[in-house]
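**Q** Before we start, here is the structure in question, set down as structure tokens.
The values are calculated or read from the model by the stated rules, or taken from the named source; none is laboratory data. What you are looking at is a predicted structure, and each value in this text was computed from that prediction instead of being measured. A quick note on method: Cβ atoms are made from the backbone with ideal geometry, for glycine too, and the neighbour counts reach across all protein chains shown. Side chains included, ligands, DNA and RNA excluded: accessible areas come from the protein's heavy atoms. Shrake-Rupley method; radii C 1.70, N 1.55, O 1.52, S 1.80 Å.
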Amino acid sequence: MRRLVWSLMSVAALALAGCGNSSPSSEGGAEGGNAAQTPAQANQITGQVALRDAADVSPAAKLDLTLVDVSTPDAAPLATKTVQPANTLPISFQVPFNPADVNPNGLYVLKAVLTDGDRKYTPPLQTQVLTKGAPMQVNIQLVAEQTAGEKELAAFTAVQKQIGGMKISSGTKLEDKVSRGWQVFREAGEVKFIREEVDYGDKGFTSTDFAYKDGKPWVVVQQKKSSKDAKPTSTERAAWTADGNLVLKTNDQGGKSSPLSDDEAASLQKQAQTILGLATNGKGK
């Protein structure tokens with residue numbers, strides 16, 4: 001009986017000793033598992049990109065994602081990714097990066113730009129990620145920015161509202177089967193705006209607003225009608241930047257908008273130059 005008790009006690013002691021010897025190994029494994037799950041070991045930013053307001057996006061659209069440290073001027077991106085086509089939204093994404101390149105004191109943002117022709121969609125606020133408690137998974141909402149042409153047209157509309165306070169002169173000209181009249185609006189001795197009406201008889205009527213910058217055509221908006229008192233059948237718009245680049249060319253007709261051809265835009269530009277010379281006796285101001 002004593003031998004049996006001693007054997008059981010020996011087995012228990014050995015079991016306890018075995019537990020004690022295995023404990024450090026278990027703790028080490030737990031620490032390794034936790035390290036693998038820390039943000040510093042993660043290697044990609046994930047999430048979704050969506051439009052805040054519904055919009056038609058063409059199959060030519062592309063989404064550019066850029067992970068960058070904005071706390072360091074001119075820092076090279078930590079990672080980039082392009083998704084194309086990007087017309088089916090929301091879009092899920094993964095942006096892999098090298099954890100060894102992360103600066104723990106950096107301020108990282110994920111920039112998202114959806115480009116569809118002249119239109120860009122960007123987030124209204126920066127999307128912080130990765131460090132300083134920021135998430136690794138984000139949902140980004142994009143809003144439409146004004147196109148270059150829309151910016152010029154908005155500036156044109158602002159000037160259009162101010163012409164009542166400018167110095168005004170007028171003139172007329174009769175041609176073969178064509179009657180032409182105009183008003184010139186000047187500010188500080190410079191032509192800013194010309195409003196022209198042309199009656200082509202049976203061939204129709206046009207009412208056109210021409211805006212200028214530094215003596216050059218800037219924006220032209222022309223309404224075409226069957227007669228002076230008729231409703232417009234179409235409205236053509238064209239705009240150019242200071243260096244002469246065409247940034248707006250639209251034709252609204254029948255409730256639909258379509259691109260104006262380059263030749264049609266060039267015709268509007270030529271008309272702007274012609275009426276400027278006619279209304280200023282070739283002086284251009």
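**Q** How many residues does the stretch 181-205 hold that are hydrophobic (A, V, I, L, M, F, W, C) and without any contact (Cβ under 8 Å) to a residue 40 or more places away in the chain? Break it down into steps so the answer makes sense when it comes.
**A** The initial filter retains those residues of the stretch 181-205 that are hydrophobic (A, V, I, L, M, F, W, C), namely 182, 184-185, 188, 191, 193-194, 198, 205.
Of the ones still in play, those that are also without any contact (Cβ under 8 Å) to a residue 40 or more places away in the chain are 185, 188, 193, 198, 205.
So the answer is 5.
**Q** Could you pull out the residue among Ala238, Ala265, Ala242 that is free of Cβ contacts under 8 Å to residues at least 60 places away in the same chain, assigned to a strand (DSSP E or B) and closer than 29 Å to Gly117 by Cα? Walk me through it before giving the result.
**A** Details: Ala265 fails: assigned to a strand (DSSP E or B); Ala242 fails: assigned to a strand (DSSP E or B).
One residue alone meets the criteria, Ala238.
**Q** For the stretch 240-285, name all the residues that are open to solvent by less than 30 Å² (accessible area, probe 1.4 Å), within 17 Å of Val221 (Cα to Cα) and among the hydroxyl-bearing types (Ser, Thr, Tyr). Walk me through how you get there before you give the answer.
**A** Step one: of the stretch 240-285, the residues open to solvent by less than 30 Å² (accessible area, probe 1.4 Å) are 240, 248, 251, 260, 265, 268, 272, 275-277, 279-280, 284.
With within 17 Å of Val221 (Cα to Cα) added as a condition, the list becomes 240, 248, 251, 260, 265, 268, 272, 275-276.
Passing the criteria: none in range.
**Q** Hey, among Lys224, Lys228, which residue is at pLDDT below 95, in contact with a strand residue (DSSP E or B) (Cβ under 8 Å, 6 or more places away or on another chain) and within 30 Å of Gly255 (Cβ to Cβ)? Give the derivation first.
**A** Working: Lys224 fails: at pLDDT below 95.
Only one candidate passes the filter, namely Lys228.
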